[in-house]
Amino acid sequence: MRLFCGHSGALIKQYMNDIKKELFRKSIHICSAFVPVLLHYQYKLCLILLAAAGITYTAAELCRLRGIKIPVVSAVTEVAARKRDENRFVLGPLTLVVGILVTAMLYPQRPAAVGILSLAFGDGLASLAGKLFGNVHIPGTHGKTAAGSLTCFTAIFCAVFLYTGSTKLALIIAGAGMFIEVLPMKDLDNIVIPICLGGITCFIGA
């Protein structure tokens with residue numbers, strides 16, 4: 001009985017630790033929703049800051065892997081790193097910056113904002129919902145859940161509708177975003193989601 005309780009306690013502790021990491025990671029993700037505002041008022045400065053952030057993070061990660069810890073950056077990476085990232089270059093923050101930067105450079109303000117907001121809220125909340133409520137897994141998606149996909153759709157729909165006021169656009173982007181998010185791309189979805197959804201917005205002329 002004690003062995004069973006101890007085993008259960010260890011599992012609960014691990015689960016709570018995973019949730020804390022996911023909350024921390026996704027809070028960074030969701031903060032990217034402020035980027036469209038910065039792009040609107042200080043476009044060039046925002047691009048420079050994004051590029052600088054990507055370069056600084058890359059340098060800090062390379063140093064961390066060599067045992068050289070950079071204040072703040074390395075600590076944040078260690079807190080946010082998932083099990084699959086142990087002893088590896090943590091790609092998530094870099095692909096997040098790259099996805100936002102490329103989207104901002106490729107498209108006009110409105111499509112770029114749609115792509116970035118979809119990434120911030122849709123992808124940002126999907127994995128968190130999956131961790132908390134994901135009992136039903138979707139076959140062939142490497143662990144993606146129905147709860148995560150539905151959350152992704154709802155979050156993108158609300159974000160795009162509030163930004164554009166278009167129900168039609170919000171439905172199209174939310175559906176496309178949900179489909180892309182469910183694909184097993186790991187951290188590459190940070191690049192694919194904003195670029196694809198920004199492109200769809202441009203294509204339909206919204």
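Restricting attention to the range 13-38 and to residues that are open to solvent by less than 50 Å² (accessible area, probe 1.4 Å) and basic (K, R), the residue that is nearest to A112 (Cα to Cα) turns out to be K26.
Here's the yes/no breakdown for (1) open to solvent by 10 Å² or more (accessible area, probe 1.4 Å); (2) in contact (Cβ under 8 Å) with a residue 40 or more places away in the chain; (3) over 25 Å from C31 (Cβ atoms):
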position	(1), (2), (3)
S127	yes, yes, no
F153	yes, no, no
V160	no, yes, no
G177	no, yes, no
V182	yes, yes, no
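For K44, indicate whether it is assigned to a helix (DSSP H, G or I) and surrounded by 13 or more Cβ atoms within 10 Å (Cβ to Cβ). So K44 fails the test. In the condition set (1) under 19 Å from Y163 (Cβ atoms); (2) under 10 Å from the mean Cα position of the chain (by Cα); (3) open to solvent by 50 Å² or more (accessible area, probe 1.4 Å), S118 is compliant with all but (3). Scanning the range 163-175 for residues that are over 18 Å from H29 (Cβ atoms) and either in a helix (DSSP H, G or I) or among the β-branched types (V, I, T) (or both) yields T164, T167, K168, L169, A170, L171, I172, G175.
Listed here are the residues, each with its yes/no results for (1) open to solvent by less than 20 Å² (accessible area, probe 1.4 Å); (2) part of a helix (DSSP H, G or I).
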{"position": "A52", "(1), (2)": "no, yes"}
{"position": "E78", "(1), (2)": "no, yes"}
{"position": "N87", "(1), (2)": "no, no"}
{"position": "V97", "(1), (2)": "no, yes"}
{"position": "I100", "(1), (2)": "yes, yes"}
{"position": "G130", "(1), (2)": "yes, yes"}
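Summed over the range 132-142, the residues that are open to solvent by 20 Å² or more (accessible area, probe 1.4 Å) and not in a helix (DSSP H, G or I) give a count of 7.
For the range 54-76, taking the residues that are loosely packed, with under 14 Cβ neighbours inside 10 Å and in a helix (DSSP H, G or I), the one that is modelled with the lowest pLDDT is identified as A75.
Quick grid of which residues meet (1) in contact with a His (Cβ under 8 Å, 6 or more places away or on another chain); (2) aromatic (F, W, Y); (3) modelled with pLDDT under 95; (4) closer than 30 Å to R88 by Cβ:
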residue: F157; (1), (2), (3), (4): no, yes, no, no
residue: V160; (1), (2), (3), (4): no, no, no, no
residue: L169; (1), (2), (3), (4): no, no, no, no
residue: G175; (1), (2), (3), (4): no, no, no, no
residue: I180; (1), (2), (3), (4): no, no, yes, yes
residue: M185; (1), (2), (3), (4): no, no, yes, yes
residue: G198; (1), (2), (3), (4): no, no, no, yes
residue: F203; (1), (2), (3), (4): no, yes, yes, no
residue: A206; (1), (2), (3), (4): no, no, yes, no
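Restricting the first member to the range 189-204 and to residues that are open to solvent by 10 Å² or more (accessible area, probe 1.4 Å), and the second to residues that are among the hydroxyl-bearing types (S, T, Y), the beta-carbon pairs closer than 7 Å and six or more apart or on different chains are I191/T95; I195/T103; C202/Y107.
The values are calculated or read from the model by the stated rules, or taken from the named source; none is laboratory data. Note that the structure is a prediction, hence the values are computed from the model and not measured. Glycine gets a Cβ as well: all are built from the backbone with ideal geometry, and neighbour counts include every protein chain shown. Quick note on the areas: whole protein, heavy atoms, side chains included, nothing else; ligands and nucleic acids left out. Shrake-Rupley method; radii C 1.70, N 1.55, O 1.52, S 1.80 Å.
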